[in-house]
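The values are calculated or read from the model by the stated rules, or taken from the named source; none is laboratory data. Keep in mind it's a predicted model, so treat the numbers as computed, not measured. Cβ: placed from backbone, ideal geometry, glycine included. Neighbour counts: every protein chain shown. Side chains included, ligands, DNA and RNA excluded: accessible areas come from the protein's heavy atoms. Shrake-Rupley method; radii C 1.70, N 1.55, O 1.52, S 1.80 Å.
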Amino acid sequence: MRKIGVLGASALALAAAACTQQPQAMTQAQLVERGSYLVNNIGGCNDCHTPMTPQGPDMQHALQGADLVIQLRPGIDVPWAATAPQIAGGPAGYTDEQFVSFLQNGERPDGTRPRPPMPAFRFNEEDSRAVVAYIKTVPRAQN
Ligand code: HEC
């Protein structure tokens, strides 16, 4: 009996140690910082959703929507969008959860998908949450 008690106690101690070694959940500031990295360094969102200038995207109007300047067109007749909508502050008509889900499966809340050249991103859930947290901090166009 005594021995089982000791073993049980060590198992508990081990479990407790394992718990304290779990990585801490990201703080909101860390989430936003990761989202900024994913949007600005990886996802290329500004290449389409931000007005383009000869010097690059006009970051004074980051993610506020733009006419596409990409000249490359598919050689076959496929649907193709000419403008990228404003997504600063979050795309219009999406809840946060719907935006998180869109970044994981490419489906709008109504089940449709944006036309090319919008890439069909497949972010994992944590990265999707980071992108949403960051984009919500980007100011919408004043109008
Ligand atoms: C190569 C250009 C391109 C890139 C890069 C791009 N987008 Fe898009 N995006 C578009 C276009 C064009 C549309 C509109 C498609 C349409 O009208 O059917 C769109 C649509 C969207 C929509 C749907 C908005 C709505 O009204 O339903 C969201 C959300 C979105 N983009 C987010 C992003 C995010 C976040 C990134 C970066 C991680 C990104 N996009 C990168 C071109 C792009």
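In table form, for the structure just shown:
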| quantity | calculated |
| --- | --- |
| Among (1) more than 8 Å from the ligand (Cβ to nearest atom); (2) part of a loop (DSSP other than H, G, I, E, B), the one test that Gln104 misses | (2) |
| Verdict on Pro109 being within 11 Å of the ligand (Cβ to nearest atom) and of a type outside the set (D, E, K, R) | yes |
| Residue in the stretch 123-134 that is at pLDDT 95 or above, of a type in the set (Phe, Trp, Tyr) and either near the ligand (Cβ under 9 Å from one of its atoms) or surrounded by 17 or more Cβ atoms within 10 Å (Cβ to Cβ) (or both) present | yes |
| Residue in the stretch 112-122 that is nearest to the ligand (Cβ to nearest atom), counting only those that are open to solvent by less than 80 Å² (accessible area, probe 1.4 Å) and farther than 19 Å from Asn40 by Cβ | Pro114 |
| Residues of the stretch 79-92 satisfying the condition of being open to solvent by 40 Å² or more (accessible area, probe 1.4 Å) and more than 7 Å from the ligand (Cβ to nearest atom) | Pro79, Trp80, Ala82, Gln86 |
